[in-house]
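Okay, so here's the structure we're looking at.
Every number in this text was worked out from the coordinates using simple rules, so none of it is lab data. Model, not experiment: these values are computed from the prediction. As a convention, Cβ positions derive from the backbone with ideal geometry for all residues, glycine included, and neighbour counts pool all protein chains shown.
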Amino acid sequence: MIVTVANRKGGVGKTATAQALGAGLIKRGYKVLYIDLDSQSNLTNALGIDSRTIEASSLEVLEGSSNASEAIISTDRGDILPASPDLAKADRIIEGTGSEYRLKEELQNIAGRYDFIIIDTPPALGILVINALTASEKVIIPAQADLYSLQGIEQLYGAVETVRRYTNKSLTIAGVLLTRYTPRSIISQDMKSNLSDLAEQIGSKLYQAQIREGVAVREAQATQTDILTYDPKSNPASDYEAFIKEFLEEATK
Ligand SMILES: Nc1ncnc2c1ncn2[C@@H]1O[C@H](COP(=O)(O)OP(=O)(O)O)[C@@H](O)[C@H]1O
Ligand SMILES: [Mg+2]
């Protein structure tokens with residue numbers, strides 16, 4: 001199954017969610033491939049890879065100058081098709097007829113080797129996100145309890161509708177995941193019900209699991225570990241475990 005993690009807003013926990021989900025699936029024995037489409041290379045770095053030293057990145061694969069099998073790097077915490085800073089130029093480089101399908105075509109050759117392919121995306125709704133959504137069966141939308149996250153979801157939904165119309169009829173929104181949550185704040189409570197309403201409006205749902213704010217997430221990223229390994233007892237780790245359970249119940253139904 002190919003899953004994209006996306007939101008038009010940055011800093012909402014897309015990368016943290018992609019990494020925690022992957023780590024949880026690997027822990028359960030699934031074969032996982034991460035694909036990093038963000039020029040900031042946060043996920044690539046979190047797996048201990050220096051994006052300046054790699055030979056071929058997801059960009060070369062999308063351009064067609066490398067293939068996925070060559071570019072994938074195996075780490076002890078999963079396989080990754082890494083990002084490079086040059087992905088920032090993707091909208092200028094990847095163009096022309098069929099450019100939305102580049103990732104999908106490339107993944108057809110290797111999808112059989114993996115149970116789950118998790119695509120981490122940049123906030124900009126350009127050719128990279130369109131490629132991710134075109135290749136995916138499901139999209140997970142991480143969102144914070146704030147107004148900009150709501151706007152980010154609406155903008156992403158516009159892209160989801162376009163992709164459904166033109167390149168991937170069967171794309172579904174698996175759910176909206178509340179991240180960086182501080183339960184005691186009143187604003188958070190209000191926003192949570194707004195998020196839940198919006199999730200229904202876009203034909204999806206708010207996951208019951210909600211990921212609380214916790215320093216362990218940042219520390220895990222800084223020490224190039226995943227949150228589930230770094231501090232399994234932390235709030236965000238147990239919340240991500242609950243999310244992964246919920247995700248898997250749907251995915252394996
Ligand atoms: N649950 C959380 N608690 C605390 N910090 C978090 C949490 N989730 C993410 N962060 C931090 O917030 C920042 C943005 O998260 P990130 O996953 O990189 O977002 P995005 O990929 O959407 O830009 C990072 O510094 C990350 O460590
Ligand atoms: Mg990110």
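Under a crude label model (7 Å from the Cα following the beta-carbon direction), how far is Tyr166 from Ile186 in nanometres?
In this crude spin-label approximation the distance works out to 4.6 nm.
Label points 7 Å out from Cα along the Cβ direction at Thr223 and Lys31: separation in nm?
Once both label points are built, they end up 3.1 nm from each other.
Say the cut-off is 22 Å between C-alpha atoms; which of Lys14/Lys245; Lys9/Lys169; Lys14/Lys192 go over it? Walk me through the numbers on the way to the answer.
Details: Lys14/Lys245 18 Å; Lys9/Lys169 24 Å; Lys14/Lys192 18 Å.
Where the Cα-Cα span goes over 22 Å, the pairs concerned are Lys9/Lys169.
In nm, to one decimal, how far is the modelled label at Gln201 from the one at Lys89, with both set 7 Å along Cα→Cβ?
With each label point 7 Å from Cα toward Cβ, the separation is 4.0 nm.
Only Lys, Arg, Asp and Glu count, each charged at its Cβ (+1, +1, -1, -1), so figure out the dipole size of the chain about its Cα centre, rounded to 20 debye. It would help to have the intermediate numbers written out before the result.
Details: 26 positive and 33 negative charges, 104 e Å.
Rounded to the nearest 20 debye, it is 500 debye.
Pop the C-beta distance of Ser74 and Met1 into the FRET formula with R0 = 22 Å and round what comes out to the nearest 0.05. Provide the component values of the computation, followed by the final result.
Values: r = 20 Å, r/R0 = 0.92.
For Ser74 and Met1, the calculated efficiency is 0.65.
Show the residues, 5+ positions off or on another chain, whose built amide H is closer than 5 Å to the amide H of Thr172.
Answer set, sorted by chain and number: Lys138, Val139.
State, in angstrom, two size descriptors of the chain derived from its alpha carbons: Rg to one decimal place and Dmax to the nearest whole number.
16.9, 51
With r defined as the distance between the Cβ atoms of Gln108 and Leu248 and R0 fixed at 22 Å, what FRET efficiency is calculated, to the nearest 0.05?
On the way: r = 24 Å, r/R0 = 1.10.
Efficiency at R0 = 22 Å is approximately 0.35.
Taking θ as phi - 60°, what are the ³J(HN,Hα) couplings along region 201-217 by the Karplus curve (6.51, -1.76, 1.60), each to the nearest whole Hz, with x for Gly and Pro?
Couplings: 4, 8, x, 10, 8, 8, 4, 5, 5, 9, 9, 6, 5, x, 4, 4, 5 Hz.
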